[in-house]
Every structure is written in structure tokens, then in C-alpha cells.
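Only one structure is covered here, and it is reproduced in the block below.
The values are calculated or read from the model by the stated rules, or taken from the named source; none is laboratory data. Because the structure is a prediction, the values reported are computed rather than measured. FYI the Cβ positions are ideal-geometry reconstructions off the backbone, even for glycines, and counts take in every protein chain you see.
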Amino acid sequence: MSEPRNLKPYGDVIELIGWTPLIRLNHVTRGIRTPVYAKAEFFNPGGSIKDRIGGPIIEQAEREGRLKPGGTIVEGTSGNTGIGLAIAARNGGYKCIFTMPDKMSQEKVRLLKAFGAEVIVTPTAVPPDHPDNYVMMAKRIAHETPNAILANQFYNDANSQAHYDTTGPEIWEQTEGKVTHFVYAAGTGGTITGVGRYLKEKNPKIQVIAGDPVGSVLAELWRTKGEGKPEGTPYKVEGIGQDKIPGTLDMGVIDDFMTVSDKESFAMARRLTREEGLFVGGSSGLVVHVALHVARRIDDPNACVVVPLPDPGERYLSKLYNDEWMRENQLLEPDRVTLGDLLQHKGDAAPSTLVSAAPGQLVRQALEAGAVRNAVATGRKLLREAGSYLEPLPQNKYHSALVQLVESLDTMIAPFGE
Ligand code: PMP
């Protein structure tokens, strides 16, 4: 089933951060020739890609003498960075205080508390410069708390540097330098900036493509080179998209941007779970939706698309994996079944005749129309055959009766045209 892994014991859970597996997507990619590989970041011990930045941010603050024993780490987080920081903070004995917008899942609040952090939930629906905004509040707490630092993931170069040092080189090595397209999104922008910079230094032809939730302003600001004045609107996907450009996001590294709805993101996350066995969150759904779009467009079996899956589905059991919540938010669509899926599942039992239905048509009407089409086609076949049987027969009363029969069948099906 698998090669031996983890053959030696580890000194601390921190040593398990990074070197996450690259896994080929085999089912959601049906009909797409370009290989797509997912980097399963939920294999990190804290369960997300943000484990990678906790240690480097703390070490930088220690090196610069800003963080001293007994100190406090404060951060505004959508949850995952908080866990990454909390794991790294243990060894220094630091206390953690995190602010988090109320749109984030209850699971994440509980997780942060489980790791020993103090959590302050703030309103989501406030402008970025409002004192109750989660980042503004974190800033204030850090300022007012003695011996505290703000981790400052949105403006801290240690964030993108961590991905330049780890995520980027891992993707390069795991694909043996064959990666041609890197697809992700931006929350702080640390991942896409760090990985994008590293990969483009290795091979300037590598394309970096970003997804953005409908409601975020990043895609529009990229398209207008910062000239546009888009208004952010609420959306449900967590951890990505912004209402302003964070300092850690280098827009120059991005070659293309694609906007994706909550519905598309959650539908893809659910498909990744069911079809690939990869139990992931909504942002993973969004970025894979983009990756498949890219793979379909380039249509090249020699290309290689890589897309990280930032965090696990458990974090969203009360949301995108809860059908009631999905229905309440008009996000639940019946799973789309294509004709290809149907025929594949039917195997040898596939029907020789397919009945198609127009949107809004009742199944009964479609079946009736299908039955009529079938009858007409069978009638035509009979007519052709009858003609060839009748020709050599002697011209008697039986012959003329049969000719009459054939002619009446011809009259019956003629109005249906060809
Ligand atoms: N997905 C999830 C679930 C996240 O928590 C984050 C981080 N906020 C991201 C994606 C985006 O990562 P980055 O901050 O490096 O842009």
C-alpha cells in the first residue's frame, strides 16, 4: 500500500511541518489531459499551510529582540495562522491572543482555544480601518499589552519568506522541476508571493495563477493595476480574498486571476472529499476549481499544474459539510451528473438509446419524446427492410395487401420528417 515513512522518531512536532505530499488528482480531472497535482497541506501537524509561518515569525521577533521570555504573541487570524503560531509558541512559553472575524467557523475558535490561546471574536461587517476590524483590534491589543508583539502576517516578510524557503523548493523537487503552472489564492498573499518568486527564479516560464472569491477586491485590483476602486462584498469562503491589498502580496508575481463563487468553491471541496478522498476546506475547493480550469485550457499532457490544499474539512463540518447550512445559504446544488458519468457507471448495461431532456422539461415529456423518436426510427428501418422483401415476391393479392400496409406505415411516420 505504501512505502515506509517516518522511519525515525522526531524530537518535536515542529519537525513534521512541511514536506507535505504531492498527490495526483484522478477523478475530478476526468476528461482533462493535463496532469494536476495537489499539495496536501492539511498533512501539517496543525492541519494547515499556515504551520509553515508560525516558527519563522517567532524566530524573527526573537532575533530582533522584540520577543522576550514570558512575552505575548498577538495576531488577527482567520484561524489557521493562530494554530501555526500557537504550536510554535509552546517551546518559548509564549502566551497567544488572537482576534478573529465572526464569519469564521466555530470549529476554528474551539481549535485555537484547545491550543491554549485566548480568542476574541470581532464583527466581520466593518471596514478595514474600523477599530473593531480584527486586524486593527489585534494591533491595539499588541500595543496595549506589555511585552507583546504583533505577528503581523499581512505585512511581515517572514511570511512570504517561509514559503520561498520551504513550499516553493518542495514543489520544485517533488515535480523534478517539471511544474509549469502554480495555482493558488491570496489571503495574506504570503504563499503565492513566496512560492511564485521561488518557482519563477528557477524557471521564468512558470505561470502563477490566482483564484479570488466573488466579493474580494484583489482580482479587480490586479486587472486594473490598482487603478480600480472595487467595493468588497461579503462571501463565505474563509481564509482567502481581501478588502484591500496586504503588504505581503506581490501582485507582480501573478500572471492571471480568476474569480470564483462560494457555490463553485464549496461544490469542488465536496467533490474532492467524495471523489478523491481528500477532505478539504472551502479555499481548497476554490483553488482546485481554478486549477481544473487552467488544466482544461492548456490541454497539454506534458504540462504540470500544482495546487496546494491549505486546510482540512473538519474545520468546516458546521458549514460547507452541513447540508442544512448549505441550503440556508442557497449553496447546495444537486451533484451534477454528466452523460459520461452515467455511461461509465452503467458499464455494459448502458442503454442503446439515450433520452435527452431540455431544461425545465418534465421527465415524462422527455421519455415520451424519446419513445416517439424510437418508434419513428424503428418504422423507417421496417420500411427499408419491407421494400427489399416485397420486391422479389409475385404480384398477387397478398403482395398488394402488404404494399398497402407499408404505405400506411409510411403515411403515419411521414409527418415526423427526417
Ligand atoms: N486558505 C486558508 C484556509 C487560509 O487560512 C489561508 C490563510 N489565511 C489561505 C488559504 C491563504 O494563504 P496566504 O495567507 O498565504 O495567502
message = Any residue in the stretch 121-145 that is farther than 15 Å from M100 by Cβ and free of Cβ contacts under 8 Å to residues at least 40 places away in the same chain sitting within a Cβ distance under 8 Å of a residue that is basic (K, R) and surrounded by 13 or more Cβ atoms within 10 Å (Cβ to Cβ)? List the pairs, counting only those 6 or more apart or interchain.
response = P131/R140
inquiry  = Against the conditions (1) within 29 Å of S318 (Cα to Cα); (2) more than 13 Å from the ligand (Cβ to nearest atom), where does K236 fall short? Just the number, please.
reply    = (2)
message = What's the number of the only condition in (1) in contact (Cβ under 8 Å) with a residue 24 or more places away in the chain; (2) assigned by TED's automatic domain parsing to the domain that holds G285 that N152 fails to meet?
response = (2)
The stretch 62-112: number of residues that are touching a residue at least 40 places away in the same chain (Cβ under 8 Å) and part of a strand (DSSP E or B) = 8
remark   = Residue count, the stretch 47-93, condition more than 20 Å from T122 (Cα to Cα), at pLDDT below 95 and either buried (at least 24 other Cβ atoms within 10 Å of the Cβ) or within 12 Å of the ligand (Cβ to nearest atom) (or both), comes to 0
ask   = Where residues in the stretch 302-325 are in a helix (DSSP H, G or I) and among the charged types (D, E, K, R), which of them is nearest to the ligand (Cβ to nearest atom)?
value = R315
note = Log entry, pairs with first residue in the stretch 193-218 being closer than 13 Å to G177 by Cβ and aromatic (F, W, Y), second being outside any loop (DSSP other than H, G, I, E, B) and modelled with pLDDT of 95 or more, beta carbons closer than 9 Å, six or more apart or on different chains, reads Y198/H163; Y198/Y164; Y198/D165; Y198/T167; Y198/G168; Y198/P169; Y198/I171; Y198/W172
query = Given I149, I209, I192, which one is within 23 Å of R63 (Cβ to Cβ) and either within 12 Å of the ligand (Cβ to nearest atom) or touching a strand residue (DSSP E or B) at 6+ places or on another chain (Cβ under 7 Å) (or both)?
reply = I149
Number of the condition not met by H163 [criteria: (1) assigned by TED's automatic domain parsing to the domain that holds T72; (2) touching a residue at least 60 places away in the same chain (Cβ under 8 Å); (3) part of a helix (DSSP H, G or I)] = (1)
key: Some residue of the stretch 132-149 being aliphatic (A, V, I, L, M) and touching an Asp or Glu at 6+ places or on another chain (Cβ under 8 Å)   = yes
query = With (1) on the phi < 0 side of the Ramachandran plot; (2) surrounded by fewer than 24 Cβ atoms within 10 Å (Cβ to Cβ) as the list, and E176 as the residue in question, which single condition is left unmet?
reply = (1)
